[in-house]
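Here is the structure we will look at.
The values are calculated or read from the model by the stated rules, or taken from the named source; none is laboratory data. What you see is a predicted model, and the numbers here were worked out from it, not measured in a lab. Cβ: placed from backbone, ideal geometry, glycine included. Neighbour counts: every protein chain shown.
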């Protein structure tokens with residue numbers, strides 16, 4: 001595995017014959033590794049998910065993340081829960097649990113899910129809807145440890161039904177789908193414009209590996225990512 005001082009692994013199956021593992025590392029980063037041989041060997045997933053997330057800002061070890069895969073709106077995605085640390089009284093960090101959505105290319109922070117609790121290790125569970133006449137709604141649930149004073153986890157776990165967050169996930173996926181359809185139209189050749197039956201004149205699918213897309217969504221010095229990921233800040237523009 002890794003010799004980078006990483007621990008607290010969370011492992012999921014991703015695509016065909018591939019495993020993904022998220023770890024908390026001593027350098028303060030969350031490293032993600034992938035394996036195509038059922039865990040016999042691991043390679044850091046640089047350029048995609050590895051080192052995107054962090055642990056604590058100062059001191060202490062990381063905690064196990066919530067990490068699961070799901071098929072939502074006909075798209076394979078990964079759901080991640082991790083604490084985001086902020087300062088509180090006495091210069092002590094507080095962990096606010098956030099939910100993230102990713103398809104191993106795009107990453108969106110869906111938002112906080114732990115209210116005012118100081119969250120530690122977590123899990124995230126997705127239950128798909130049934131089929132047929134007894135069809136039920138799908139559900140998304142977060143489980144997390146709630147810390148007490150001196151960073152001692154409480155004996156139990158807190159369970160939160162993430163109904164609004166699941167709706168937000170679906171809206172994000174709808175946006176990704178719409179942008180995926182819109183972006184290839186930017187690379188039509190003149191001949192393709194004359195022949196509307198040509199679906200796409202690009203030699204390759206330009207949305208493959210496309211992390212973000214900055215287009216006309218700009219206001220107040222912020223250039224917003226069409227995929228709802230990281231925005232760009234523009235200064236000194238004339």
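Points to keep in mind about this one:
- For the criterion of being more than 24 Å from residue 20 (Cα to Cα) and at pLDDT below 95, residue 137 passes.
- Qualifying positions in region 187-222 - in a helix (DSSP H, G or I) and either at pLDDT 80 or above or farther than 24 Å from residue 103 by Cβ (or both): 190, 191, 192, 193, 194
Residue by residue, here is whether (1) in contact with a strand residue (DSSP E or B) (Cβ under 9 Å, 6 or more places away or on another chain); (2) modelled with pLDDT under 95 holds:
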residue: 81; (1), (2): yes, no
residue: 84; (1), (2): yes, yes
residue: 90; (1), (2): no, yes
residue: 94; (1), (2): yes, yes
residue: 100; (1), (2): yes, no
residue: 105; (1), (2): no, yes
residue: 121; (1), (2): yes, yes
residue: 126; (1), (2): yes, no
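So that you can scan it fast, the table gives a plain yes or no per residue for (1) closer than 20 Å to residue 179 by Cβ; (2) at pLDDT 90 or above:
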| position | (1), (2) |
| --- | --- |
| 47 | no, no |
| 69 | no, yes |
| 97 | no, yes |
| 110 | yes, yes |
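- Filtering region 162-186 to residues that are surrounded by fewer than 17 Cβ atoms within 10 Å (Cβ to Cβ) and not in a helix (DSSP H, G or I) leaves nothing.
- Filtered residue count, region 5-56, keeping only those that are assigned to a loop (DSSP other than H, G, I, E, B) and exposed (fewer than 14 other Cβ atoms within 10 Å of the Cβ): 13
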